[in-house]
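The values are calculated or read from the model by the stated rules, or taken from the named source; none is laboratory data. These numbers were taken from a predicted model, which means no experiment stands behind them. No Cβ is skipped: glycine too gets one built from the backbone with ideal geometry, and neighbour counts run over all protein chains shown.
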Amino acid sequence: MKWTFPILIAGVMALVPAVAPAATVDNQAEQALMRALADEYNAEAFYAAVIETFGPVRPFSNIIEAERMHASALVDLMRGYGIDVPPNDKLGAQAVVAEVPATLKEACLMGVEAEILNRDLYTKDLMPAAAGYPDILRVFGGLQAASENNHLPAFQRCAQMN
């Protein structure tokens with residue numbers, strides 16, 4: 001009888017993994033995270049190309065930092081779910097540099113369009129795809145709100161002033 005309890009404990013402990021497994025997401029949520037990261041990477045690359053062309057002008061110089069923080073939040077989520085994180089291969093890519101227009105006003109108008117598309121991407125595609133993952137939805141909601149409430153108005157003001 002005195003050996004029963006230790007043997008029972010040892011048997012139960014054998015069922016408990018030494019390290020808790022990483023949480024997993026379904027393919028739809030994983031693809032939503034990948035699309036979100038690709039969108040943030042593309043925005044960072046375009047804004048970097050605008051800054052390279054026109055100098056550290058606002059709002060690009062501010063918003064590029066926000067895009068980097070957005071990407072970082074997504075990377076943290078992805079790593080938490082064991083998803084491989086690709087590098088931002090768009091930075092400095094000739095195709096992105098070629099998209100930079102001739103004037104700052106046009107760049108601001110492109111920023112307006114990009115932030116509207118970003119907001120809609122989160123609202124219509126990414127957030128529904130991540131339903132059931134409150135942590136992902138919290139991050140997606142914050143990124144969508146940043147596009148709509150911060151970035152979009154900044155680019156609209158930029159377009160009006162230039």
Item checked: Flag if G92 is closer than 28 Å to E30 by Cβ and modelled with pLDDT under 90 -> yes
Margin query: Given the condition touching a residue at least 40 places away in the same chain (Cβ under 8 Å), surrounded by fewer than 20 Cβ atoms within 10 Å (Cβ to Cβ), under 21 Å from the mean Cα position of the chain (by Cα) and in a loop (DSSP other than H, G, I, E, B), answer yes or no: does some residue in region 146-161 qualify?
Written below: no
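Test R119 against the criterion of being closer than 20 Å to Q160 by Cβ, within 20 Å of the chain's Cα centre (by Cα), among the basic types (K, R) and part of a helix (DSSP H, G or I), and give yes or no.
yes
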Notebook entry, point to check: What tally of residues in region 127-145 results from selecting those that are outside any helix (DSSP H, G or I) and crowded, with 18+ Cβ neighbours inside 10 Å?
Noted result: 2
Margin query: Residue pairs, Cβ under 7 Å, 6 or more apart or interchain, first in region 104-126 and buried (at least 17 other Cβ atoms within 10 Å of the Cβ), second in a helix (DSSP H, G or I) and charged (D, E, K, R). List them.
Written below: N118/D39; R119/E148; L121/D39; L126/R35
Margin query: Would you confirm whether or not region 81-92 contains a residue that is in contact (Cβ under 8 Å) with a residue 12 or more places away in the chain and assigned to a helix (DSSP H, G or I)?
Written below: no
Notebook entry, point to check: So which residues in region 43-94 are among the β-branched types (V, I, T) and more than 17 Å from M110 (Cα to Cα), if there are any at all?
Noted result: V75, I83, V85
Notebook entry, point to check: For region 70-89, how many residues are exposed (fewer than 15 other Cβ atoms within 10 Å of the Cβ) and over 18 Å from A29 (Cβ atoms)?
Noted result: 3
Next item on the list: For region 42-51, indicate whether the set of residues that are within 10 Å of the chain's Cα centre (by Cα), at pLDDT 95 or above and closer than 27 Å to T123 by Cβ is non-empty.
Entry: no
